[in-house]
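Only the coordinates and a few stated rules stand behind these numbers; no lab work does. Keep in mind it's a predicted model, so treat the numbers as computed, not measured. Note that each Cβ is placed from the backbone with ideal geometry, even for glycine, and that neighbours are counted across all protein chains shown.
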Amino acid sequence: MTPLDYFAWIVLITLLVSVVVIWIVLAMLPGKIAHQRGHPNAAAINVAGWLGALAAGVFWPIAMIWAFTAPSGPMQMSTGDVKLKTPPPQETVSNTETALTSKKESQA
């Protein structure tokens, strides 16, 4: 074998390893996105992503869209890194007590 043949084998092996790594990363992507976004169906999205990868990409676009959709209905998506502007519990209780006493005084 000539040095050019060895170089060709190295390039071929590198390409095959790269394809496998990219395939694995793409298969994990929908599940990882759903988990980071706090989706309640993150496990199912992860399975759909892997099934899509095994089925040559049939379910993969569906899993990606599903990972980015917000659930509707009674299920609520977690807020993740979003900071909600809610007052501390003690402040809320004292505001409620003040409102109730002022309402009672106005009715009397």
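In terms of packing, defined here as the mean over residues of other Cβ atoms within 10 angstrom, the peptides 3-14, 50-61 line up highest first as 50-61, 3-14. Once divided by 2.2 N^0.38 Å, the Cα radius of gyration of region 3-72 becomes 1.47.
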